[in-house]
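The next block holds one structure in the form of structure tokens; read it before the comments.
The values are calculated or read from the model by the stated rules, or taken from the named source; none is laboratory data. Everything numeric in this text was worked out from a predicted model, so none of it was measured. Here the Cβ positions follow ideal geometry from the backbone for every residue, glycine too, while neighbour counts run over all protein chains shown.
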Amino acid sequence: MEEKCIALYHRIMRRENFEVAAKDLFYLLISAQTKNPNQPRILYVDIDGHRNTAGGFDSDMLELQKEFGLGFLLPYFTEVHFPLCSVVNTKEQSNDIPAKLEISNAENKRDSSLDELHIENYSKTEFMSEQEVYTYLQQVSAFLRKYNDLDQFYVQMEKEAYDPLGLLYIWRTYMRDLINELFALFCYGNLISAAAMTRTMIECYVFLSILKKEKSEKLLEDWYLCNTIIGSKKYDTVIQNRILRSMELYCDDKNLNYPEIYNRFIKKNENEWLGSIISRKRITFCDVCDYLGEPGLYSDFQEASSFVHSQDIISKTNPFVFYSSIYNKFRTMMSYIYKAIRLFPVSEEMKEEVQELERELFALADIYIR
């Protein structure tokens, strides 16, 4: 019987350079080998933009298709299909995939068209230009670049026993993007946005911490069902019914009582999935923070929330006039970034780097907190 082929598809976006696209394709290959070991694979790639004035592909995408696609990727597939060419591997597909992708002389080329649209908030970047702060931001940036390269590490990692669907690692990917955006916002002087998004960072940390602490498949399943059922209410009737039908089928497959689950969640708030561990008629985020038991969680959340609410006085009375106020918000933001990173496995070397970055973060207080 002929073995079934796995079809893989990837779309390269306009702003993605050679390095980004190559890493994405490599991680796609690693993921396919992990999920379907040694099974025949076919790769399909589309490329948005990346054209020169003559209408051909720019140098990045020429190199990606010819050198990387045909020179490196082809042996690990039975076929590869790029916009420039489609090629069949005449040899047996290799499954001896390198553990890590090394790109020599990679340049971070950027299309300047969108850069020209950016309005730099120079009035809020003086703090970042202070030598001690700038040096620290360079160290954080170097660390986050390495952290972003851990996707390959997490793809190959076995799922937690209580998370068979891999929901937490999907959540980690969202959190990685949130970390990158938070750091970029701060560096660009978008301090209001950075302060407001710190609230989201805190929420991610709190809810993920509880799921990691409890290690309960039932609790994780309740989170999935509760938020999907409640979230269906924001759609029109047709789409809502489709979503609820999919939940009903899921429950049938798991031998769960769907009517009971539906009635439990549909009229409650989004924290109701925590009802099995928090005994409250209506569970608030304050209750969730109290359950986790870490000092300062809810007060940090309240301060960050002031930048979300339009009328809150705290965020409307010159919150970034003094370096001390900027530093305090930066310290909160970075502290929860480090807390969130620690929720998932990292190497001992990276753990030590996080610890050193935290020490240097708090050392900045001696300079900017008077």
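Six or more apart or on different chains, Cβ atoms under 7 Å: show the pairs whose first residue is in region 138-156 and more than 14 Å from Glu356 (Cα to Cα) and touching a residue at least 60 places away in the same chain (Cβ under 8 Å) and whose second is aromatic (Phe, Trp, Tyr) and part of a helix (DSSP H, G or I). Between residues of region 138-156 that are more than 14 Å from Glu356 (Cα to Cα) and touching a residue at least 60 places away in the same chain (Cβ under 8 Å) and residues that are aromatic (Phe, Trp, Tyr) and part of a helix (DSSP H, G or I), the close pairs are Asp151/Tyr27; Gln152/Tyr27; Tyr154/Tyr169; Val155/Tyr27. Gly55 falls short on exactly one of the conditions (1) within 26 Å of the chain's Cα centre (by Cα); (2) on the phi > 0 side of the Ramachandran plot, and that condition is (1). Among the criteria (1) within 24 Å of Gly166 (Cα to Cα); (2) not in a loop (DSSP other than H, G, I, E, B), the one Gln39 does not fulfil is (2). Taking the conditions exactly as written (charged (D, E, K, R), modelled with pLDDT of 90 or more and surrounded by 11 or more Cβ atoms within 10 Å (Cβ to Cβ)), does Lys146 satisfy them or not? Yes; evaluated as a whole, the condition is true for this residue. On the given criteria, is Leu74 over 27 Å from the mean Cα position of the chain (by Cα), outside the structural domain of Tyr169 (by TED's automatic domain parsing), among the aliphatic types (A, V, I, L, M) and surrounded by fewer than 19 Cβ atoms within 10 Å (Cβ to Cβ)? Answer is no for this residue. Of the helices (runs of 4 or more DSSP H) that lie entirely inside region 147-234, those containing 1 or more residues that are more than 28 Å from Thr332 (Cβ to Cβ) span 151-156, 217-231.
Restricting attention to region 19-40, which residues are in contact (Cβ under 8 Å) with a residue 60 or more places away in the chain and under 17 Å from Leu74 (Cβ atoms)?
Taking region 19-40 as the starting set, the residues that turn out to be in contact (Cβ under 8 Å) with a residue 60 or more places away in the chain are 19, 22-23, 26-27, 29-31, 33-34.
Of everything in region 19-40, those that are in contact (Cβ under 8 Å) with a residue 60 or more places away in the chain and under 17 Å from Leu74 (Cβ atoms) turn out to be Ala22, Phe26, Leu29, Ile30, Gln33.
Here is the figure for region 159-202: residues that are within 14 Å of the chain's Cα centre (by Cα) and charged (D, E, K, R) total 4.
Scanning for something more than 23 Å from the chain's Cα centre (by Cα), assigned by TED's automatic domain parsing to the domain that holds Phe186, within 26 Å of Lys213 (Cα to Cα) and buried (at least 16 other Cβ atoms within 10 Å of the Cβ), does region 303-323 turn up at least one residue?
Of region 303-323, the ones more than 23 Å from the chain's Cα centre (by Cα) are 303, 306, 309-323.
Now drop any that are not assigned by TED's automatic domain parsing to the domain that holds Phe186, which leaves 303, 306, 309-323.
Right, trim to within 26 Å of Lys213 (Cα to Cα) and you get 303.
If we keep only those that are buried (at least 16 other Cβ atoms within 10 Å of the Cβ) as well, we get 303.
Checked region 303-323: at least one residue is more than 23 Å from the chain's Cα centre (by Cα), assigned by TED's automatic domain parsing to the domain that holds Phe186, within 26 Å of Lys213 (Cα to Cα) and buried (at least 16 other Cβ atoms within 10 Å of the Cβ).
Among the criteria (1) modelled with pLDDT of 80 or more; (2) within 28 Å of the chain's Cα centre (by Cα), the one Asn105 does not fulfil is (1). Looking across region 258-294, the residues that are under 26 Å from the mean Cα position of the chain (by Cα) and in a loop (DSSP other than H, G, I, E, B) come down to Asn269, Glu270, Asn271, Thr284, Gly293, Glu294. Mind listing whichever residues of region 245-257 are over 27 Å from the mean Cα position of the chain (by Cα) and among the hydrophobic types (A, V, I, L, M, F, W, C)? Within region 245-257, Leu249, Cys251, Leu256 meet the criteria.
Can you run down the residue pairs with Cβ atoms below 8 Å, 6 or more apart or on separate chains, where the first is in region 346-360 and closer than 19 Å to Asn148 by Cβ and outside any helix (DSSP H, G or I) and the partner is at pLDDT below 95 and of a type outside the set (Val, Ile, Thr)? Taking only residues 6 or more apart or on different chains, the pairs are Val346/Tyr147; Val346/Leu150.
For Lys233, indicate whether it is of a type outside the set (Ser, Thr, Tyr), at pLDDT below 95 and within 30 Å of Ile179 (Cα to Cα). Don't jump to the end; show me each part of the working.
Values: of a type outside the set (Ser, Thr, Tyr): yes; at pLDDT below 95: yes; within 30 Å of Ile179 (Cα to Cα): yes.
Yes; evaluated as a whole, the condition is true for this residue.
Looking for whichever is under 21 Å from Met157 (Cα atoms), assigned by TED's automatic domain parsing to the domain that holds Lys91 and touching a Lys or Arg at 6+ places or on another chain (Cβ under 8 Å) here; the options are Leu25, Leu29. Which one fits? Outline the logic, then answer.
Numbers: Leu25 fails: touching a Lys or Arg at 6+ places or on another chain (Cβ under 8 Å).
Exactly one of Leu25, Leu29 is under 21 Å from Met157 (Cα atoms), assigned by TED's automatic domain parsing to the domain that holds Lys91 and touching a Lys or Arg at 6+ places or on another chain (Cβ under 8 Å), namely Leu29.
Just one of (1) surrounded by 12 or more Cβ atoms within 10 Å (Cβ to Cβ); (2) modelled with pLDDT of 90 or more; (3) within 26 Å of the chain's Cα centre (by Cα) fails for Asp111. It is (2). With the requirement that a residue be in contact with a helix residue (DSSP H, G or I) (Cβ under 9 Å, 6 or more places away or on another chain) and of a type in the set (Val, Ile, Thr), what does region 292-342 give you? Those that are in contact with a helix residue (DSSP H, G or I) (Cβ under 9 Å, 6 or more places away or on another chain) and of a type in the set (Val, Ile, Thr): Val308, Ile314, Ile326, Thr332, Ile337, Ile341.
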